[in-house]
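The structure appears right after this line, and notes come after that.
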Amino acid sequence: MKIALLGYGRMGKTIEEIAEQRGHEVVLKVSDDIDNHELDGSKIDVAIDFSIPKAAFKNITTCFKHNIPVVSGTTGWLDNYEKARKICKEEDSAFIYASNFSLGVNVFFELNKKLAGMMQGLEDYKVDIEEIHHTQKLDAPSGTAITLAQQIIEENSKLKGWQLDDADEDEIPIYAKREENVPGTHTVTYDSPIDSIEIKHTAKSRQGFALGAVVAAEYLKGKQGIFTMKDVLSELFNN
Ligand SMILES: NC(=O)c1ccc[n+]([C@@H]2O[C@H](COP(=O)([O-])OP(=O)(O)OC[C@H]3O[C@@H](n4cnc5c(N)ncnc54)[C@H](O)[C@@H]3O)[C@@H](O)[C@H]2O)c1
Ligand SMILES: O=C(O)C1=N[C@H](C(=O)O)CCC1
């Protein structure tokens, strides 16, 4: 597969390593305005975007307009997600966005949904989310933490939203911490006066994120439409 990397930072470099190990070729690396680069859809099978929040939407939609499918992992741009989906459909392109591509976190997402369903009637428990990432992270809270909060809200009609730090009774507080060299740790806690229940995912490196993104690109090649990581892992979760 011929891959264009949109963003050649921590994630871009890790993705390049894994892609080449899996026999793919990185034919373009973009670290600045995508308009500075020639995009030839006949020479790029999939673009993988791990750039910055303010560039992701333009990167993604420019690829759609050049008939290049996109796997995007960039977080902090989701206010434009629906617009990106619309342009993908208009251009008959293909798109996967995931806040977290790692297999372990996608298992964690399923666990989070299941636990949220079990806890929704147990009103003595208050839920919160903590995420810890490296000190260079531009956005807060993490896209993964937002996904976890959205999943819990979907399972509990008493919860209306989430807030960074202090939250109202009907909101989930998300605590975002920044520590040197932490790839990504997420904890969901249900706390009551009697006991506390928590589930936690700890990434040990960026390998899991990068492998998931490359596997998603392999899945997307040659397809049309909008897919999720759950589609990519469907065989795994249906077992
Ligand atoms: N979905 C996931 O599984 C996952 C995992 C890790 C990181 N992320 C997200 O990926 C993004 C990148 O993370 P990172 O640690 O690689 O960050 P990073 O800062 O190391 O890399 C981002 C790169 O984008 C480059 N860039 C700046 N403007 C650009 C533009 N217009 N087009 C293309 N590239 C441009 C920067 O020069 C930088 O090298 C963040 O949003 C992060 O939250 C997602
Ligand atoms: O390193 C980052 O930045 C990460 N960002 C994603 C998020 O915002 O959830 C995934 C975890 C690592």
Can you put Thr61, Thr144, Thr185 in order, fewest other beta carbons within 10 Å first?
Thr185, Thr61, Thr144
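Mind putting a number on the dipole of the chain about its Cα centre? Charges go on the C-beta only, +1 for Lys and Arg and -1 for Asp and Glu, and I need it in Debye to the nearest 20. Please report the intermediate quantities before stating the final value.
Numbers: 27 positive and 39 negative charges, 167 e Å.
Its charge dipole is roughly 800 debye.
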Once you treat every alpha carbon in the chain as an equal point and sum by Debye, what is log10 I(q)/I(0) at q = 0.10, 0.15 Å⁻¹?
-0.48, -1.02
Compare the Cα positions of Ala149, Ile129, Gln224 along the charge dipole of the chain (+1 at Cβ of Lys, Arg; -1 at Cβ of Asp, Glu; about the Cα centre) and return the one farthest towards the positive end.
Gln224
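Taking 0.36 nm per intervening residue step and subtracting the Cα-Cα distance, what contour gain separates Lys230 from Val27 on full extension? Could the numbers behind the result be given before it?
Values: separation 203, 0.36 × 203 = 73.08 nm, distance 2.77 nm.
Gain on extension, Lys230 to Val27, equals 70.3 nm.
May I ask you to sort Val71, Val46, Val107, Val215 by Cβ crowding, counting other Cβ atoms within 10 Å and putting the fewest first?
Working: Val71 32, Val46 27, Val107 14, Val215 18.
Least to most surrounded, the residues fall as Val107, Val215, Val46, Val71.
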For Ala94, distant residues with modelled amide H under 5 Å away
Val70, Gly225
Is there a pair in Lys54/Lys221; Lys114/Lys158; Lys113/Lys160; Lys83/Lys223; Lys29/Lys204 whose C-alpha atoms are over 23 Å apart, and which pairs would that be?
Lys54/Lys221; Lys29/Lys204
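Working out 0.36 nm times the residue gap between Lys160 and Leu122, then minus their Cα-Cα distance, what length gain in nm do you get to one decimal? Could the numbers behind the result be given before it?
On the way: separation 38, 0.36 × 38 = 13.68 nm, distance 1.67 nm.
That works out to 12.0 nm of additional length.
Just for the chain, what percent of DSSP beta bridges are antiparallel, to the closest 5? Present the calculation step by step, with values, prior to reporting the outcome.
Details: 15 of 42 bridges.
Expressed as a percentage, antiparallel bridges in the chain total about 35.
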Show which aspartates and glutamates lie in cross-link reach of Lys13 when reach means a straight Cα distance below 15 angstrom and same-chain residues fewer than eight apart are skipped.
Glu25, Asp49
Between helix 81-90 and the chain, what is the angle of the helix's C-alpha long axis to the longest principal axis, kept within 0 to 90° and rounded to the nearest 10?
40 degrees
Helix 10-21 sits off the longest principal axis of the Cα atoms of the chain, rounded to the nearest 10 on a 0 to 90 degree scale, by 60 degrees
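Contour minus end-to-end for Leu138 and Asp35, with contour as 0.36 nm per residue of separation and end-to-end as the Cα-Cα distance?
Values: separation 103, 0.36 × 103 = 37.08 nm, distance 2.30 nm.
The span from Leu138 to Asp35 would gain 34.8 nm if fully extended.
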Ranked by Cβ crowding within 10 angstrom, fewest neighbours first, how are Tyr219, Tyr81 ordered?
Tyr81, Tyr219
In degrees from 0 to 90, rounded to the nearest 10, what is the angle of the helix 143-155 Cα long axis to the longest principal axis of the chain?
50 degrees
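Only the coordinates and a few stated rules stand behind these numbers; no lab work does. Source: prediction; values computed, not measured. Ideal geometry is used to build each Cβ from the backbone, glycine not excepted, and the neighbour counts take in all protein chains shown.
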